[in-house]
Amino acid sequence: MLCRGNLKRLKIIEDYNITPITQVKLLAGQEKKSCTNDKLKDKYYCFSYTHKKNKNISGTFVCGDYAAKHFLKLLNHKGISLFDPLSSEGTNHVGGTNSKDEPGDRRKWNPVAQELSNAINLLIICWNVGDNLNGALREVKQKIEANPENEPHVSNIKSINTVIGGKGKDRKLSDIVGKLRKDYPSLREYKFDLINSILHEQNILSNFI
């Protein structure tokens, strides 16, 4: 998906259903290629897209501040708070941060939705997959952002639990984040007590530990 230029972005809005999924901080050494073809080294917005006439044409793309703000204006969307795992300043919902020039996310978040959103954002950063976000990560994050005030359905929690565990890998979120923490020791600690309780009630082994 190429989005360089105002006219190109207008055309994308005409042809596709566009939804902002997340805004995350790039860690030192990470970089992304924007849909404008610019190199991003600070932070980026991730948008999902689905063609209005052919739903099989779908995916995600990333862009920097300038293009993202144009998309948000065209969508009449107030934007998503920046997820910065190295910062604890100015949180609007768990894991979200703002700078003074960002309006931020003023919506009231359900606590379970907050935990699930944080987990997905951590996976996006750890795996560096914002520009190629597919499957459950994209679908569940999109649902959360659409209705952050609602508790996610247990099926969505189970889906992300499966993604974390991997096929036969018996992987835990702490294992994934722990590898990143070796390079970034100031990485924040996140708790998923509510999600763990929900999975326990379902007699499902949690991978959010």
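Each value in this text was obtained by applying a stated rule to the coordinates, not by laboratory testing. Fair warning: this is a prediction, and the values are worked out from it, not measured in the lab. Here the Cβ positions follow ideal geometry from the backbone for every residue, glycine too, while neighbour counts run over all protein chains shown.
Looking at the calculated P(r) for the range 1-55, what percent of the C-alpha pair distances fall above 19 Å? When all Cα pairs of the range 1-55 are counted, 34 percent exceed 19 Å. Seen against the Cα atoms of the chain and their longest principal axis, helix 173-183 is set at about 70 degrees.
Once the Cα-Cα distance is subtracted from the 0.36 nm per residue extended length, the Ser186 to Lys52 segment shows a gain of 44.0 nm. Taking only the C-alpha atoms of the chain, Rg followed by Dmax gives 16.8, 52 Å. Taking every lysine pair in the range 1-82 that is 8 or more places apart or spans two chains, those with Cα atoms closer than 13 Å amount to 8. Using only side-chain charges placed at the Cβ, +1 for Lys and Arg and -1 for Asp and Glu, the dipole size of the chain relative to its Cα centre rounds to 660 debye.
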